[in-house]
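Structure, as structure tokens:
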Amino acid sequence: MNREPIDWEQAEDSFLGPSLAAGDATGWFDRLYAAAVDGRVTMPWSRENPHPLLVDWAHRTQLRGAGRTAVVVGCALGADAEFIAGLGFTTVAFDVSATAITLARERHPDTGVTYLSADLLDTPAEWRHAFDLVVEIITLQALPPDLHARAAAAVRDLVASDGTLLVIGAVPDTETPNTAVPDDGTAAAPWPLTRAEIDALASDGLHAVAIDTLPMPDRPGESRWRAVYHRPAQN
Ligand SMILES: C[S@@+](CC[C@H](N)C(=O)[O-])C[C@H]1O[C@@H](n2cnc3c(N)ncnc32)[C@H](O)[C@@H]1O
């Protein structure tokens, strides 16, 4: 008997909880995407269009990518990567979920993006300081707080000399930021980056260019960090 897929946001806890309880902070992503492929849940993180705050920033800065490289971290099904590639960047997009990467390739059969399955926490050595533009949208916040500093360092490490890092994510309730990581299978994610974490991204040679909290288009009452960093060119 065919059943309607469960809304993935309703099912998320049942994937996340056991994964965290087993000490595995990332394995649940692929299991959630695989469940969507099987029709058990709706497809997570499957927006068709690039993030509106990415599009807005690209337009404001007249972003052009010809002759430049970009990487999209935690790319899911590729909407942001396709947008960046459309601006002319030679674009790599990676995700820890092999299923997400298969889906991204299927969704964009004529793509110029190189979609790869890779773990931000264990990136290839040749990616060190390799990308003129690094785009990170709500992936750091999908990792438990005790991994934020390590994951943020890995994101910074991707930024080339004279390169730019763009981070977009939820703004936490400053009174009570989420730091809970229950090991009993109950809900926890996401763990939005705190102001201190956003500020601390400006290290290891990166400077903050602009740190804004902006209203989320189409989501009244919600706001997002949009933070831009730059690694000055080495002479
Ligand atoms: C919250 S979703 C966001 C997806 C997309 N960036 C967006 O804005 O819709 C986080 C994505 O990052 C991926 N991810 C989580 N941890 C990762 C890691 N350590 N390395 C690479 N990708 C990761 C997940 O599989 C998932 O596709």
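The values are calculated or read from the model by the stated rules, or taken from the named source; none is laboratory data. These numbers were taken from a predicted model, which means no experiment stands behind them. Note that we place each Cβ from the backbone using ideal geometry, even for glycine, and neighbour counts take in every protein chain shown.
Of note:
- Condition met for residue 182 (under 15 Å from the mean Cα position of the chain (by Cα), modelled with pLDDT under 95 and farther than 20 Å from residue 227 by Cβ): no
- Residue match in region 145-165 (condition: at pLDDT 95 or above and assigned to a loop (DSSP other than H, G, I, E, B)): yes
- Meets criteria (surrounded by 19 or more Cβ atoms within 10 Å (Cβ to Cβ), near the ligand (Cβ under 9 Å from one of its atoms) and not charged (D, E, K, R)) for residue 164: no
- Residues in region 106-127 include at least one that is under 22 Å from residue 45 (Cα atoms), more than 12 Å from the ligand (Cβ to nearest atom), among the aliphatic types (A, V, I, L, M) and out of contact with any Lys or Arg (no Cβ under 8 Å at 6 or more places or on another chain).
- Here residue 103 fits the description: part of a helix (DSSP H, G or I) and under 15 Å from residue 45 (Cβ atoms).
- Residues (assigned to a strand (DSSP E or B), closer than 11 Å to residue 225 by Cβ and hydrophobic (A, V, I, L, M, F, W, C)) located in region 128-142: 137
- Within region 78-136, considering residues that are under 20 Å from residue 61 (Cα atoms) and of a type in the set (Val, Ile, Thr), the one surrounded by the most Cβ atoms within 10 Å (Cβ to Cβ): 135
- Complete set of residues in region 71-90 that are more than 7 Å from the ligand (Cβ to nearest atom) and touching a Ser or Thr at 6+ places or on another chain (Cβ under 8 Å): 71, 72, 77, 78, 81, 82, 84, 85, 89, 90
- Filter result (charged (D, E, K, R) and either buried (at least 22 other Cβ atoms within 10 Å of the Cβ) or more than 15 Å from the chain's Cα centre (by Cα) (or both)) within region 137-154: 146
- Qualifying residue in region 36-43 (condition: within 11 Å of the ligand (Cβ to nearest atom), at negative phi and of a type outside the set (A, V, I, L, M, F, W, C)): no
- Single match in 132, 162, 157 (criterion: in contact (Cβ under 8 Å) with a residue 40 or more places away in the chain, over 18 Å from the mean Cα position of the chain (by Cα) and under 22 Å from residue 234 (Cβ atoms)): 162
- Verdict on residue 89 being within 13 Å of the chain's Cα centre (by Cα), among the aromatic types (Phe, Trp, Tyr) and more than 30 Å from residue 220 (Cβ to Cβ): no
- All positions within region 141-153 that are closer than 17 Å to residue 196 by Cβ and near the ligand (Cβ under 9 Å from one of its atoms): 141, 143, 147, 151
Residues are listed down the side, and each one gets a yes or a no for (1) outside any loop (DSSP other than H, G, I, E, B); (2) of a type in the set (Phe, Trp, Tyr); (3) touching a residue at least 40 places away in the same chain (Cβ under 8 Å):
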| residue | (1), (2), (3) |
| --- | --- |
| 12 | yes, no, yes |
| 17 | yes, no, yes |
| 35 | yes, no, no |
| 44 | no, no, no |
| 53 | yes, no, yes |
| 65 | no, no, yes |
| 71 | yes, no, yes |
